[in-house]
Amino acid sequence: MEFSKVRFLLSAHADRQLPPAEYAEIAFAGRSNVGKSSLINRLVGRTNLVKTSARPGKTQSLNYFLVDDRLYLVDLPGYGFARVSQQVRQEWRGLISNYIETRATLACVVVIIDLRHELKQLDRELIDWLRYLGKPMLPVYTKADKLSRNQQEKNAVALDAGLTLNAGERLLFSARTSQGVDELRRRLAAVVQASGQDATRGGGTSPAIDPI
Ligand code: GTP
Ligand code: MG
């Protein structure tokens with residue numbers, strides 16, 4: 001999987017606007033302003049495919065991107081953003097949680113966490129909820145460029161402890177320097193293959209071979 005041929009498909013503000021569930025999907029979740037949209041841009045090697053902003057609350061719907069004609073990347077609105085009304089927050093929460101719980105083709109949720117900060121309760125809750133649902137996930141600690149290598153390691157170990165993760169289960173990333181991007185592509189390609197929804201193997205939901 002190259003992650004090179006990519007185009008914007010649609011923006012969904014409600015369940016009924018989601019596209020037909022025909023390809024594997026990778027969703028990108030995390031706190032508002034953590035760098036979800038920047039990570040997607042880096043993943044697909046484009047500087048401005050997805051709109052990013054220094055102000056939190058930029059992404060306000062589920063944005064679908066079609067990659068290599070066989071995979072959807074889904075940029076989610078951030079959580080924990082205080083400056084939208086209670087009602088809007090509830091709508092987002094409903095839309096996102098319903099999507100994560102019910103989308104049959106959802107192969108993996110990439111949970112993006114700021115490596116600079118202490119673990120936030122909402123991040124822990126998201127990870128625990130994905131575990132409870134049995135959804136494959138990949139935690140990514142981002143903005144690594146803001147820290148020395150030494151500090152990166154220290155902070156990552158603290159986040160691992162707070163989330164009960166092994167170092168091998170997450171990766172460090174920077175949208176600025178591309179740190180971790182090759183590993184991210186490898187892991188996501190493996191996840192799509194393991195989901196049994198890789199269209200190059202004939203599609204469908206039942207894998208032709210057992211995932212390892
Ligand atoms: P919402 O859509 O508002 O939830 O935000 P988001 O999570 O999509 O974040 P976005 O990608 O828009 O980035 C937010 C800010 O963080 C922008 O100013 C980015 O330039 C900056 N940023 C994102 N990733 C990195 C990174 O790896 N390193 C550094 N230094 N800055 C980053
Ligand atoms: Mg965004």
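Placing +1 on the Cβ of every Lys and Arg and -1 on the Cβ of every Asp and Glu, with no other charges, gives the range 6-194 a dipole of roughly 580 debye about its Cα centre.
For the chain, lysine pairs separated by 8 or more sequence positions, or belonging to different chains, with Cα-Cα distances below 28 Å total 28. Within the accessible area of the chain, the carbon and sulfur atoms contribute 48%, probe 1.4 Å, all protein chains present.
Using only helices, what value at 222 nm comes out for the chain when you add -39,500 (n - 2.57) per DSSP H run of length 4 or more and divide by the total residues, to the nearest 500 deg cm²/dmol? Provide the component values of the computation, followed by the final result.
Working: 5 runs with 67 residues, N = 212.
That comes out to -10000 deg cm²/dmol.
Peptides 18-26, 90-98, 39-47 ranked from most to least packed, by the mean per-residue count of other Cβ atoms within 10 Å: 39-47, 18-26, 90-98. Rolling a 1.4 Å probe across all protein chains gives residue 59 an accessible area of roughly 20 Å². Using the 1.4 Å probe convention, the accessible area of the range 6-194 works out to 48 Å² per residue with neighbouring protein chains retained. Within the range 6-194, antiparallel bridges make up roughly 35 percent of the DSSP beta bridges whose residues both belong there.
The values are calculated or read from the model by the stated rules, or taken from the named source; none is laboratory data. The structure displayed is predicted, hence computed values, not measured ones. Note: ideal-geometry Cβ built from the backbone for every residue, glycine included; neighbour counts use all protein chains shown. Just so you know, the surface numbers come from the protein's heavy atoms only, side chains and all, with ligands and any DNA or RNA stripped out. Shrake-Rupley method; radii C 1.70, N 1.55, O 1.52, S 1.80 Å.
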